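> Next up is a structure, given as structure tokens.
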Amino acid sequence: MSTIDPGAPILDTRERVTARKVSAAEMARAALDRAQALQKTLNAFVDLFPDQAMEQARAVDARIARGEPVGALAGVPVAIKDNMSLAYGRTTCCSRILENYRAPYTATAVQKLIDAGAIIVGKTTMDEFAMGSSGEHSCFGPTRNPWDLSRVPGGSSSGSTAAVAAGIVPASLGSDTGGSIRQPAGLCGIYGLKPTYGLVSRYGLVAFASSLDQIGPLTRTVDDLAAMLSVIMGHDDMDSTSATAHVDAMRDLHTPVDGLTLGVPRQARSTANTPGVAAALEAGIKTFRDLGARIIDIDLPHIDHGIAAYYIIAPAEASSNLARFDGVRYGRRAQLGPGEDLMALYCKSRSEGFGPEVQRRIMLGTHVLSSGYFDAYYLTALKVRRLIKNDYDAAFKQGCHAILMPSSPSPAFTLGSKTSDPLAMYLEDVYTVGVNLAGLPGLTMPGGFEKVTDNGRAAELPVGLQLVGPALGENTLLRIAAMFADRTTWHTRRPAI
Amino acid sequence: MAEIASVQLKVGLEIHVQLATRTKMFCRAPSVACREFDHKQSEPNSCIDPLVLGLPGSLPVINREAVQMAMMVGLALGCSIAPLTRWDRKSYFYPDLPKSYQISQYDLPLCFDGAIDMPLPGEDGRVNWDDYDTKRIGIIRAHLEEDAGKLLHEAPGGLPIDYSIVDLNRAGCPLLEIVTHPDFTTADEVVAFAQMLRNICRFLGVSEGVLQKGHMRFEPNINTVITLTDGRLVKTSIVEVKNLNSFKAVRGAIEYEFAEQPKRWQREKVEMSPGSKSTRGWDDVKMQTVLQREKEEAADYRYFPDPDLLPVVVDKNWLEQTRASIPQLPMARLKRYIDDFGLHAKEAAALVDERDVCFFYEECIAAAKQAGVESGKAGKAVANVLLQSGAKRANERSAGASAGSTEQVLISDLGIMPKQVGQILAMRERGELGSNAADELFGLLCEPGQAATDAQALAQQRGMLIVRDDAAMGRWCDEAIAQNAKAAEDVKAGKDAAIGRLVGAVMKLSGGRADAAGVREALIKKLRG
């Protein structure tokens, strides 16, 4: 039995590895073993890469042995969502259509991890093409919540979140188009950060909705969140939407924000919140007050339209982004019967390859871009998008350092309870989509627990609180989260798995 | 029932120009339209990368060189340049379109609202450069987009296959789509415009304009206006003929439709209306258009702004830099050659017909002036030597090129350098070189390995320079008189016509080195005292 904790905080691991108290290879082995051991239980991984991971680990150990400098993540095991291209293994997006697709190149953000000495343990499960809020829309079956195996971990970065929550790795990469990092982070009691749009390169990230997609880290500590962000961010010539601005993520991380002012949206105290979520929000407000923060009420009048605008813009872009999966060059190609033509090749390959949620969104997106509907749907949604951004801008003009609200209206729900009701599932994103529409950074932190009873089964489930900041305000968000972590213990609790 | 009294043709033209950038429109894969690209050396699907293949996760990055070239063409066509221009996705499924959408420009094209005056061809389809009218052709827009790949229905080597294969070498290459107003009324006009546009693109250096390589493709939109005997006007429905890649095909397709559309209208009675437009292809063998798509079903391409790309902002600086980088265009050069150099229209037209020849011509003029040729005479003198000694050799080499090759050898490709041409002309002007010797020297300098040769030294070494030596002249004259006693007698007897024979003999004896002007004088002096 190994005594090595593969999920130990990044800074500890890096220190121990560079001091040769533990080898990177031992860290890699421990993470791989734990991932393997929990795979049947959690289904957090699509593929593990033992050979490449051990190779990466030995390379780090060799550098250390030679006395050469190593990166910020030397010897740290990490997991990446399976919608990020990696030049080995599969990149499936948990879709039948890419079930056997192998990318010939590596995504910029992933390459930065590798260059920093991280060990890529494996690719994690997700809702197909990142479309979903539960981790259930995967062709490889649902992922489970480490706090309660009958429940979903949230999504779409379901495997990346479960793997961190279960202590398989200290950090992972997810992607967030409408809440896919922040919502599962909340449901699994860990930290998750969706950076400002453009701060992290999207090159190599399989596109869902290009104007909303951002890669971001999931971790168990604020320090790890900052460390991961520092590594993956930065301008990339391969991504035209990549920001040239710089964020100093680590600066004064444990220095409290002077004169902290937080805005709490009137709309976040919604009746849709479960009692535990409502209580966590109020408790969070109290904690910040105790820390000396000024809490002001703000108004995000268009937040309720966020879901509607999001479910027009995101599917519109998705219908176009996913059109390339046509069975011609790569990916699944349907067997054709005699006399079947090119159109049959397209229709059959795509019908067999895409799951129902993806098909639903492709149809929705195709519809709203069609002539005759474009103005009424797509252009209107763009106008709403601008209004939402204006709402946030106005709030920050009132002097808020950040906006505080839940990451989702309820804690983890049971598997299958929302799969037949897409609208109920879409409402999971009510507090998160606006942040993507506005291109802002959003951070989820452990904010409490809620005792629930479903079908006579009692459980205590994590609740997440979300901090939203102005563009490029990541450092402030991280410092506020650190202040909160110093006063609370939610982030120290671990699932009994 | 009213009969057809007359038919008027109406044509608008869409032109696709592959811009000769080094890399493709949105990635770093090499472009097949690049000047240095070798089609024979490149395997199918060799100019590819993740973006060209449409691999998931790949992202487009704008090639500013393509924007620059597109702006140059737009400016040359008198277009306005949009200060901010956007990229849109045009969606449709086809195996040669890897992303299943083409990145194009929908409502904010880079170049718009232009016009250019073209010289009108005469009855014979050619422009009479001594006397021609011009016509203004309106340009609706010129926008940038990416090319598609190629779908092949037989295997390399012509082997039959029962499936199709895709070559993506062309996919993603920058394409400039130019759309004119329907201002053309004859096929000759369209072809003349197409040729002029090709020439402009060559002068701008944005395309080699080799139609066989697909550097330019033409799509005329053709219809006719029929006047009936009762005075009623009928507009026939518009036919768009796709992908014509030779001037012959452009002319053929338009002439065919001009003849056919009135008959088609008589048969089907379909008039121009929204949705009545059809798409046809061109059969080069039968010289007919062939129906591809009846009634353009208002194709829904679901255009929307590409979220992967930022708008391109053309600031004043960039625009002015681009404007300044545009070389003088062929029509302006033609006028200058006639007005300033005193060239005949035909000579000037021959010199501006090929960009490389034209640029070579001007380099030779500069070299001639440098070598001491009188400024006012250099243009004409260089034109003479290039269009005589040069054209003769270019034609010989073209004819001698390996069978099957259609490559025309250009005067600028002969091997002789501008400096050498300048030296020849300077020697001529100084009276050191006879005309035959000049032509011979020109030929020698076209041979391989002579690029660095000093023309003056070579002429000297080969004894080609005119000899100004009275003793030698005396010897040649005596010998010529001895060889042609009869002619000498005739000259003595006052028959001037006979002297030509003697002059010829002297030139022959001197190997062309005798000063032609002095020979006659010397002979008469000898014979008539």
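> Could you tell me whether B:ILE178 is within 14 Å of another protein chain (Cβ to nearest Cβ), of a type outside the set (Gly, Ala, Ser) and not in a helix (DSSP H, G or I)?
Here the answer is no, as B:ILE178 does not meet what is asked.
> Pairs under 7 Å by beta carbon, first residue within 14 Å of chain A (Cβ to nearest Cβ) in the stretch B:307-326, partner not in a loop (DSSP other than H, G, I, E, B), six or more apart or different chains?
Filtered contacts from the stretch B:307-326: B:PRO307/A:GLU317; B:PRO311/B:LEU84; B:PRO311/B:THR85; B:VAL312/B:VAL67; B:VAL312/B:THR85; B:VAL313/B:LEU84.
> Please go through the stretch B:1-47 and pick out each residue that is outside any loop (DSSP other than H, G, I, E, B), touching a residue at least 40 places away in the same chain (Cβ under 8 Å) and within 15 Å of B:ARG170 (Cβ to Cβ).
B:HIS16, B:VAL17, B:GLN18, B:THR23
> Of the conditions (1) within 14 Å of another protein chain (Cβ to nearest Cβ); (2) under 31 Å from the mean Cα position of the chain (by Cα); (3) free of Cβ contacts under 8 Å to residues at least 12 places away in the same chain, B:PRO56 satisfies every one except a single condition; which number is it?
The number of the failed condition is (2).
> Do we find a residue being touching a strand residue (DSSP E or B) at 6+ places or on another chain (Cβ under 7 Å) and on the phi > 0 side of the Ramachandran plot anywhere in the stretch B:17-30?
No, that holds for no residue.
> Related question: Check off (1) surrounded by 16 or more Cβ atoms within 10 Å (Cβ to Cβ); (2) within 13 Å of chain B (Cβ to nearest Cβ) for A:GLY355 and give me the number that stays unchecked.
(2)
> Determine the pairs where a residue that is assigned by TED's automatic domain parsing to the domain that holds B:ALA367, located within the stretch B:427-452, has a partner that is of a type in the set (D, E, K, R) and surrounded by 14 or more Cβ atoms within 10 Å (Cβ to Cβ) with Cβ atoms under 6 Å apart, the partner being 6 or more residues away or on another chain.
Between residues of the stretch B:427-452 that are assigned by TED's automatic domain parsing to the domain that holds B:ALA367 and residues that are of a type in the set (D, E, K, R) and surrounded by 14 or more Cβ atoms within 10 Å (Cβ to Cβ), the close pairs are B:ALA438/B:ARG428; B:CYS446/B:ARG393.
> Report, ordered by the first and then the second residue, all pairs with beta carbons closer than 8 Å, sequence separation of six or more or different chains, a first member in the stretch B:91-115 that is away from chain A (no Cβ under 14 Å), and a second member that is crowded, with 19+ Cβ neighbours inside 10 Å and among the aromatic types (Phe, Trp, Tyr).
Qualifying pairs under 8 Å: B:GLN105/B:TRP87.
> Surrounded by 20 or more Cβ atoms within 10 Å (Cβ to Cβ), touching a helix residue (DSSP H, G or I) at 6+ places or on another chain (Cβ under 6 Å) and assigned by TED's automatic domain parsing to the domain that holds B:MET216: is that true of B:VAL352 in this structure?
Criteria not met by B:VAL352.
> Yes or no: B:LEU77 more than 14 Å from chain A (Cβ to nearest Cβ) and at pLDDT below 95?
In short, no.
> Quick check on the stretch A:88-104. Is at least one of its residues within 13 Å of chain B (Cβ to nearest Cβ) and assigned to a helix (DSSP H, G or I)?
yes
> If you don't mind, another one. So which helices (runs of 4 or more DSSP H) are wholly in the stretch B:387-454 and hold at least 2 residues that are farther than 23 Å from B:ALA516 by Cα and of a type in the set (S, T, N, Q)?
Of the helices (runs of 4 or more DSSP H) lying wholly inside the stretch B:387-454, those with at least 2 residues that are farther than 23 Å from B:ALA516 by Cα and of a type in the set (S, T, N, Q) span B:391-400.
> Among residues belonging to the stretch A:208-246 that are among the β-branched types (Val, Ile, Thr) and in a loop (DSSP other than H, G, I, E, B), point out the one that is farthest from the other protein chains (Cβ to nearest Cβ).
Here the answer is A:THR221.
> Looking only at the stretch B:291-335, which residues are within 30 Å of B:GLY281 (Cα to Cα), hydrophobic (A, V, I, L, M, F, W, C) and loosely packed, with under 13 Cβ neighbours inside 10 Å?
Correct list: B:LEU291, B:ALA298, B:ALA299.
> Just to be sure before I move on: is B:ALA487 among the hydrophobic types (A, V, I, L, M, F, W, C), out of contact with any Ser or Thr (no Cβ under 6 Å at 6 or more places or on another chain) and modelled with pLDDT of 90 or more in the structure I sent?
Spelling it out, it is not the case that B:ALA487 is among the hydrophobic types (A, V, I, L, M, F, W, C), out of contact with any Ser or Thr (no Cβ under 6 Å at 6 or more places or on another chain) and modelled with pLDDT of 90 or more.
> Being within 26 Å of B:PRO119 (Cβ to Cβ) and either in contact (Cβ under 8 Å) with a residue 12 or more places away in the chain or aromatic (Phe, Trp, Tyr) (or both) narrows it down to one of B:ALA368, B:ALA332, B:ALA348, so name that one.
Within the list B:ALA368, B:ALA332, B:ALA348, the selection yields B:ALA348.
> Given (1) under 29 Å from B:PRO56 (Cα atoms); (2) of a type in the set (D, E, K, R); (3) touching a residue at least 60 places away in the same chain (Cβ under 8 Å), identify the lone condition not met by A:ASP391.
(1)
> When you scan the stretch A:283-297, do you find a residue that is on the phi > 0 side of the Ramachandran plot and either crowded, with 23+ Cβ neighbours inside 10 Å or at pLDDT 95 or above (or both), even just one?
yes
> Looking at A:ASP429, A:ASP454 in this structure, which one is crowded, with 22+ Cβ neighbours inside 10 Å, acidic (Asp, Glu) and touching a residue at least 40 places away in the same chain (Cβ under 8 Å)?
A:ASP429
> Among the residues of the stretch B:115-132, is there at least one that is within 20 Å of B:CYS27 (Cβ to Cβ) and either in contact with a helix residue (DSSP H, G or I) (Cβ under 6 Å, 6 or more places away or on another chain) or not in a strand (DSSP E or B) (or both)?
The answer is no; no qualifying residue exists.
> Quick check on the stretch B:214-226. Is at least one of its residues part of a helix (DSSP H, G or I) and either assigned by TED's automatic domain parsing to the domain that holds B:TYR101 or out of contact with any strand residue (DSSP E or B) (no Cβ under 9 Å at 6 or more places or on another chain) (or both)?
No; the residues of the stretch B:214-226 include none that is part of a helix (DSSP H, G or I) and either assigned by TED's automatic domain parsing to the domain that holds B:TYR101 or out of contact with any strand residue (DSSP E or B) (no Cβ under 9 Å at 6 or more places or on another chain) (or both).
> Does A:ALA87 fit the bill of being among the small types (Gly, Ala, Ser), free of Cβ contacts under 8 Å to residues at least 12 places away in the same chain and surrounded by fewer than 21 Cβ atoms within 10 Å (Cβ to Cβ)?
So A:ALA87 fails the test.
> Looking at A:ARG324, A:ARG332, which is the one that is crowded, with 22+ Cβ neighbours inside 10 Å, within 14 Å of chain B (Cβ to nearest Cβ), under 27 Å from the mean Cα position of the chain (by Cα) and among the basic types (Lys, Arg)?
A:ARG324
> Name the residues in the stretch B:159-191 that are of a type in the set (Gly, Ala, Ser) and either at pLDDT 95 or above or crowded, with 24+ Cβ neighbours inside 10 Å (or both), would you?
B:ALA171, B:GLY172, B:ALA187 - these are the residues of the stretch B:159-191 that are of a type in the set (Gly, Ala, Ser) and either at pLDDT 95 or above or crowded, with 24+ Cβ neighbours inside 10 Å (or both).
Let's see how each residue does on (1) assigned by TED's automatic domain parsing to the domain that holds A:THR274; (2) surrounded by fewer than 20 Cβ atoms within 10 Å (Cβ to Cβ); (3) touching an Asp or Glu at 6+ places or on another chain (Cβ under 9 Å):
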| residue | (1), (2), (3) |
| --- | --- |
| A:ASP341 | no, yes, no |
| A:SER349 | no, no, yes |
| A:ILE362 | no, no, no |
| A:ASP393 | yes, yes, no |
| A:LYS397 | yes, yes, no |
| A:SER407 | yes, no, no |
| A:PRO411 | yes, no, yes |
| A:ASP421 | yes, yes, no |
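> What residue, of A:LEU205, A:LEU199, A:LEU193, is in contact (Cβ under 8 Å) with a residue 60 or more places away in the chain and either farther than 21 Å from A:PRO470 by Cβ or within 14 Å of chain B (Cβ to nearest Cβ) (or both)?
A:LEU205
The values are calculated or read from the model by the stated rules, or taken from the named source; none is laboratory data. Treat the numbers as computed from the prediction; the structure is a model and nothing was measured. Note: ideal-geometry Cβ built from the backbone for every residue, glycine included; neighbour counts use all protein chains shown.
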